[in-house]
Amino acid sequence: MYCTMKPLLAQAMADGQGVPAFNIHALEVVPVMAKAADAVKCPVILQVSVSTAKYIGYSLLASIVKKVSEDMTVDIALHLDHATSLEDIQEALNGGFSSVMYDGSKLTFEENVSNTLKAVEMARAAEASIEAELGIVGRGKIIETYPYTEPADAAEFVRRTGVDALAVGIGTHHGMYQAKTNIRLDILKEIHEAVDIPLVLHGGTGVRDEDVRECVRLGMHKLNFGTELNVSWVRKAKDVFAKAEPDDTMRNLMIECNRAMTETIQKKIQLVRF
Ligand SMILES: [Zn+2]
């Protein structure tokens, strides 16, 4: 069933499990991701960046995810990842997304609270769930002076905004797939003790397997994996397309790439459901 991420995260929190969130980069992979999760009976959050949402079209994507969800036995949410503009959030909600993230992590604390409150109001009006971010998740390379989230700030932020889930900075980075990050589980533990809503792991690809499980134990119930899925698809595509003839059917070429992505998805699911 198509739903918001709220019931998925509430159930995961009660069971001490994680819900994986996978990044869609093209329409082709929507049924692939849904079927991969359904085959192992795992509820799933499918998410997109603003750029991908604009590339596909908000309402086209939402209608396809809704349609695909009807055929699955597990619950599926469609989430807009890292929106920094309220206009993009409204566009996603109008298009039928069941969940959005407002990322005001680069703003001052007060500006982040004030914009997040506006996003919360918009999400509530559309009966969608909402994630926000406090503290920065790095991108690409490891940063020296990492802006870790202060546990007391996280508690105040959650109390003042009423968001459903919070992304926090504990040393993870987006886009990493070769090196692994040294994350601060001690800081996560303090945040978990200060905050009673599900926390979100961003940059999951760059986190060691054993650390991912520890993150789930320490309150991270939404775990984002994007880069590794993309890498598995593209790596297979380089090989398959290099050997292909121009008149080979695209379908057969893509089936192989989709299969490689399915394997990665199921490995990530095993990691967060234990
Ligand atoms: Zn992220």
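Relative contact order of the chain: 19 percent, from C-alpha pairs under 8 Å at least 6 residues apart in sequence.
Percent of C-alpha pairs per 10 Å bin in region 18-85, short distances first: 22, 57, 19, 1.
For region 5-227, the solvent-accessible area works out to 40 Å² per residue, with a probe of 1.4 Å and every protein chain left in place. Let me know the shape class of region 143-190, please: from the alpha-carbon gyration tensor, a ≥ b ≥ c as square roots of the eigenvalues, rounded when a/c is under 1.5, otherwise prolate if a/b is greater than b/c, or oblate. Prolate, because a/c is 1.5 or more and a/b exceeds b/c. Taking the protein heavy atoms of the chain in the context of the full set of protein chains, the accessible area attributed to carbon and sulfur is 52 percent at 1.4 Å. Pairs of alpha carbons in the chain separated by more than 26 Å make up 38% of all such pairs. Taking one quarter of the surface of the C-alpha convex hull of region 1-148 gives a mean projected area of 9.5 nm².
Near His82, the amide H atoms lying under 5 Å from its own belong to Met101; only residues 5 or more places off or on other chains count, and H is placed 1.01 Å from N. Of the beta bridges in the chain, as assigned by DSSP with both residues counted there, near 0 percent are antiparallel. Applying 0.36 nm per residue to the separation of Ala125 and Lys41 and subtracting their alpha-carbon distance, the gain on full extension is 27.2 nm. Seen from every direction in turn and averaged, the convex hull around the alpha carbons of region 137-274 projects onto 9.8 nm². Compared with the dominant principal axis of the Cα atoms in the chain, helix 185-194 is inclined by about 60°. Checking every one of the GluC sites (Glu not before Pro) in region 196-274 against DSSP loop status and a limit of 14 other Cβ atoms within 10 Å picks out no site at all. Put simply, the amide H of Val19, placed in the peptide plane, has neighbours under 5 Å in Lys222, Leu223, leaving out anything fewer than 5 places away on its chain.
Using C-alpha pairs under 8 Å with a sequence gap of at least 6, the mean separation divided by the residue count of region 1-125 gives a relative contact order of 26 percent.
Amide H to amide H, with H built 1.01 Å from N, Ile130 comes under 5 Å of Val100, Asp164, Ala165, counting only residues 5 or more places away or on other chains.
The values are calculated or read from the model by the stated rules, or taken from the named source; none is laboratory data. This structure is a prediction, so every number in the text was calculated from the model and none was measured. In this analysis, Cβ positions are derived from the backbone assuming ideal geometry, glycine residues included, and neighbour counts consider all displayed protein chains. The accessibility values were calculated without ligands, DNA or RNA, using every heavy atom of the protein model including side chains. Shrake-Rupley method; radii C 1.70, N 1.55, O 1.52, S 1.80 Å.
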